[in-house]
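Working notes for the structure below.
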Amino acid sequence: MTPTQERKHLTDLALNLDFDDVGFASATDGTPHSDHFLAAVEAGHLAPLDYMQDTAAARADIQALMPGAKTVMVVVKNYFTGHHQHHSVSDLEEPNAKVSRYAWGRDYHQWMRKRLRKLRKSILAYSEDTEREVRIFSDTSPVLERAWAQKAGLGFVGKSAMFIHRKMGTWTFLGGVVLSWDVVPDAPVVSQFCGTCTKCMDHCPTQAFVGPGQLDARRCITTWNVERPLVAEADHAPGEGSGWGFGCDVCQEVCPWNKFETTTNEARFQPQAGHVWLAESLADLPEDLSGTAFARAKRVGVQRSVQRALKRGKGQS
Ligand code: B12
Ligand code: SF4
Ligand code: SF4
């Protein structure tokens, strides 16, 4: 295979696994945005998330994660399935809190992992060189995914810190594979196409942005209602009374780039019963949370998050 043919073959393998877009970045000329990431760690913005601090060296340098890495192949999947419909107050027996769209369907991690494993297998199957290495990543591996997606030419990291795909907007999951050989890279995106817009920063319910693209995770609602619902600091943390019971989508809801949003083709991401709104009693949330995003916080954590979201009666919007 010529280098161009190989690139086309890799792209087709990923698209045939139902990823919506694919890009390639060179891993030999630096890890993108590592300076911004290290500055955020230094400033304490990621302090409540110990896994971010503990893996900072690998996140800031892809060569520390996989020595000999030559290419980062990034995949993108659209998960948008619609907007929150306003409840009619008379329909409700008790107040409900909102859930972020990424949790409406079944857990995306399993969807990603299954396909990335298949991708890895099919890449290794055509590779004649048995020394080749392929390492998969999605969310949990120490990789600066948004920065790599930008370097792979797929879009840009906006003032919201979200990766914005040029056609799909922000409602996407990211993942990919690190390869131990060179593949012709895409032209990196070097600009931020936000223009004079500052809507995400202005509308964030907890003023979590300390600058364009700079999110202080200590102030982001998601830190407390998804990642750390049961720690003592979560009590009275930003987000109390915000109406967001699990995650938060405000910085995406206001983003003009989402005028391009299209509904995902993936059945697994369609809204499941009891996943879109959460009553304080969790009456509609399924008992068994395995295979859902809520499993991370456990039932007791979800309940605490909903109680905080609805505190002081500001729950509905
Ligand atoms: C830790 C984490 C969080 C933390 C911290 C968020 C954060 N901004 O760091 C919390 C729990 C708050 C969180 C929240 C959310 N997360 Co999250 N999270 C991650 C994780 C595991 C690591 C992110 C990271 O490295 N943060 C470190 C900081 C420094 O990086 P950053 O904020 O991304 O900032 C980038 C830029 O803004 C830029 N930058 C920073 N400062 C500056 C300054 C200048 C001048 C410039 C030019 C650039 C720049 O550099 C950074 C690296 O690219 C990734 C998965 C992964 N492995 O990458 C998922 C991930 C980023 N999360 C994701 C999602 C979906 C969310 C939520 C939307 C969930 C929700 N609805 O509640 C929110 C969005 C909040 C937001 N606006 O970012 C997706 C994002 C997909 C996308 N299209 O962007 C990811 C990629 C998971 C995935 N595999 O799909 N998350
Ligand atoms: S997810 Fe919500 S709280 Fe976090 S930065 Fe975006 S708007 Fe702010
Ligand atoms: S809301 Fe405006 S400033 Fe924020 S990411 Fe979208 S385009 Fe950029």
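The values are calculated or read from the model by the stated rules, or taken from the named source; none is laboratory data. For clarity, every value in this text was computed on a predicted model and none was experimentally measured. Cβ placement follows ideal geometry from the backbone for every residue including glycine, while neighbour counts extend to all protein chains displayed.
At a glance:
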{"read-out": "Residue within the range 255-274 that is among the aliphatic types (A, V, I, L, M) and in contact with a helix residue (DSSP H, G or I) (Cβ under 8 Å, 6 or more places away or on another chain) present", "value": "no"}
{"read-out": "Counted residues, the range 258-317 - those being of a type outside the set (D, E, K, R) and within 21 Å of the chain's Cα centre (by Cα)", "value": "25"}
{"read-out": "In the range 221-241, residue nearest to residue 100 (Cα to Cα) [restricted to those that are touching a helix residue (DSSP H, G or I) at 6+ places or on another chain (Cβ under 6 Å) and not charged (D, E, K, R)]", "value": "225"}
{"read-out": "Among (1) at pLDDT below 95; (2) more than 16 Å from ligand 1 (Cβ to nearest atom); (3) of a type in the set (A, V, I, L, M, F, W, C) - the single one residue 267 does not satisfy", "value": "(1)"}
{"read-out": "The range 139-172, subset among the aromatic types (Phe, Trp, Tyr) and under 20 Å from residue 29 (Cα atoms), residue farthest from ligand 3 (Cβ to nearest atom)", "value": "148"}
{"read-out": "Complete set of residues in the range 223-255 that are surrounded by fewer than 19 Cβ atoms within 10 Å (Cβ to Cβ), assigned to a helix (DSSP H, G or I) and within 16 Å of ligand 3 (Cβ to nearest atom)", "value": "253"}
{"read-out": "Among residues of the range 198-222, those that are touching a residue at least 40 places away in the same chain (Cβ under 8 Å), hydrophobic (A, V, I, L, M, F, W, C) and either more than 16 Å from ligand 3 (Cβ to nearest atom) or not in a loop (DSSP other than H, G, I, E, B) (or both), counted", "value": "6"}
{"read-out": "Contacts under 7 angstrom Cβ, first residue in the range 171-186 being under 13 Å from residue 14 (Cβ atoms), partner among the charged types (D, E, K, R), 6 or more apart", "value": "174/145; 174/146; 177/120; 177/135; 179/70; 183/6; 183/7"}
{"read-out": "Any hit, the range 281-301, residues being assigned to a loop (DSSP other than H, G, I, E, B), within 14 Å of ligand 2 (Cβ to nearest atom) and under 23 Å from residue 107 (Cβ atoms)", "value": "no"}
